[in-house]
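The structure under discussion appears below in the form of structure tokens.
The values are calculated or read from the model by the stated rules, or taken from the named source; none is laboratory data. Remember, it's a predicted structure, so these values are computed and weren't measured experimentally. As a convention, Cβ positions derive from the backbone with ideal geometry for all residues, glycine included, and neighbour counts pool all protein chains shown. All accessible areas refer to the heavy atoms of the entire protein, side chains included, with ligands and DNA or RNA removed. Shrake-Rupley method; radii C 1.70, N 1.55, O 1.52, S 1.80 Å.
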Amino acid sequence: MIDVNLADLYRDLHQHPELAFAETRTAAVAARELRAAGFETTEGVGGTGVVGVLRNGDGPTALLRADMDALPVLEKTGLPYASTAVADREGERVPVAHACGHDVHVTCLIGAARRLAAQREGWRGTVLAVFQPAEEVGGGAEAMVDDGLFDRFGKPDVVLGQHVAPIPAGFLGVRPGPAFAAADTVRVVLHGRGGHGSRPEAAVDPVVMAAATVLRLQTVVSREIAGGDTCVVTVGAVRAGTVANIIPDDAELLISVRSYDPVVRTRALTAIERIVRAEAAASGAPRDPEVTVLSSFPAAVNDAEAAERTRAALAGVVGAERVVDPGPVTGSEDVGVFATAAGVPLVYWLLGGADPTVFAGARTFDELRHVAATIPANHSPLFAPVIEPTLDIGVAALVTATHAWLAV
Ligand code: ZN
Ligand code: ZN
């Protein structure tokens, strides 16, 4: 039986990151480890997803979820085990790194699977270990559900999972209610009429149209969303033209929208479309713009009662004062898709992964948050969770939370 030390396993996964829906090596590692631990294991669920089932008598079923994909980011941590991987993405060679820490999630779920399998006298029921593809681009959880996850492997009574975060290792964060924001990615193509840069009167300039649209979009949150509601609208990409003396035909905007409340979400998306169309009309665009929602993540909402039950269990891992309410996170997650599809509660918590010494002197959680805002976070090329005690606590948190849901 292969029994690779978890820290070595983590470093190996970290050095071999894979992009969304291409997690073949990671999936093979997860499957190998699940089988070694005694789980009935199935690969290729929803693309590269892996499901392990461990039945241990009558009782409820807990689904434990880890996402496997990495990001097209050039790692700059300088760590001895930093990624130097590259991959093809839409015909381009891109660097790949576990800048969101999903390698932590995979490692911790493997550790938890081993421990739950080794200590079967402590619980009764069924553990469903789910290694999900493609969280970053959305669609991974949905792909597994659409591939018959619950028909083939049974329906859980609860969905549990964790995300490593730039709070100190040794802390866990659980928030009842909306915990991670809904995220929509919107692509806008503004159509102008290209021409010579010297003769704007003979063209309709999509660059100016795009510039006016970007500025006006700033009023969605500031003027149309109530002060007490949360919404973020970010134009993350503006693409148009090639050289100084040509007015291009089109301009493209990529917009990210974050929200917690479905009413706020609809209001923001409606306002964006209205502004895009009106700015195009104001510019005399020869054609209507195209507005396409490329991806949508629903908000991840923790069931309040289930979150409390799990929080109490997690307090046994790190101490009650180290299980904090991190407030709503504007990042997004598709883990809620599993819970919604099964019609069962979700509890998804933050796993502290930052070097605790950086936080020396911070006494309250507010002070910790201020320090956390100054260090590299998820998606940064410098994001570097400390291996321990992060893995140790991540494994213990999963095992303890699972015990809280399974019959003894
Ligand atoms: Zn991410
Ligand atoms: Zn992530």
Take every DSSP beta bridge with both residues inside the chain and express the antiparallel ones as a percent of the total, to the nearest 5.
70
Suppose all protein chains stay in the model; what accessible area per residue would a 1.4 Å probe give for segment 181-296, in Å²?
52
For segment 59-88 and segment 220-251, what is the separation of their C-alpha centers, rounded to whole Å?
30
If you roll a 1.4 Å probe over segment 181-296 with all protein chains in place, what percent of the accessible area is carbon or sulfur?
54
Among C108, H98, V221, pick out the residue whose Cα is farthest towards the positive end of the charge dipole of the chain, where Lys and Arg carry +1 and Asp and Glu carry -1 on C-beta, about the Cα centre.
V221
Suppose each label sits 7 Å from its Cα in the direction of the beta carbon; what would the E290-V207 distance come out to in nanometres?
2.3
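To the nearest 0.05, what FRET efficiency results for T374 and D88 with a Förster distance of 30 Å applied to their C-beta separation?
So, using R0 = 30 Å, E works out to roughly 0.25.
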Note, segment 244-250: 3J(HN,Hα) by Karplus (6.51, -1.76, 1.60, θ = phi - 60°), whole Hz, Gly/Pro = x, goes 6, 9, 10, 7, x, 7, 9
Comparing Y81, Y348, Y260 in a Gaussian network model of the chain (Cα, 10 Å), the one with the largest mean-square fluctuation is Y81
When the scattering of segment 56-159 is computed by the Debye formula from its Cα atoms alone, each counted once and equally, what is log10 I(q)/I(0) at q = 0.09, 0.22, 0.24 Å⁻¹?
-0.32, -1.17, -1.28
Please build a GNM for the chain, connecting alpha carbons under 10 Å apart, and tell me which residue among L314, L346, L254 fluctuates the most.
L254
Contour minus Cα-Cα span, R120 to S198, at 0.36 nm per residue, comes to 20.4 nm
Translational diffusion coefficient of the chain at 37 °C, 0.692 mPa s, Stokes-Einstein with Kirkwood Rh over Cα pairs, in µm²/s as a whole number.
145
Please identify the trypsin sites (Lys or Arg not before Pro) of segment 293-367 that satisfy two criteria: DSSP loop assignment and at most 10 other Cβ atoms within 10 Å. Which are they?
R363
Using only alpha carbon pairs under 8 Å that are at least six residues apart, calculate the relative contact order of segment 62-152 and give it in whole percent.
38
Residue-ordered couplings for segment 9-17, obtained by feeding phi - 60° into the Karplus form 6.51 cos²θ - 1.76 cosθ + 1.60 and rounding to whole Hz (Gly and Pro as x), are 4, 4, 4, 5, 5, 4, 7, 10, x
Nearest-0.05 FRET efficiency for T357 and E308 at R0 = 41 Å, using Cβ-Cβ distance, is 0.85
Of every Cα-Cα pair in segment 181-296, the percent that sits beyond 22 Å
34
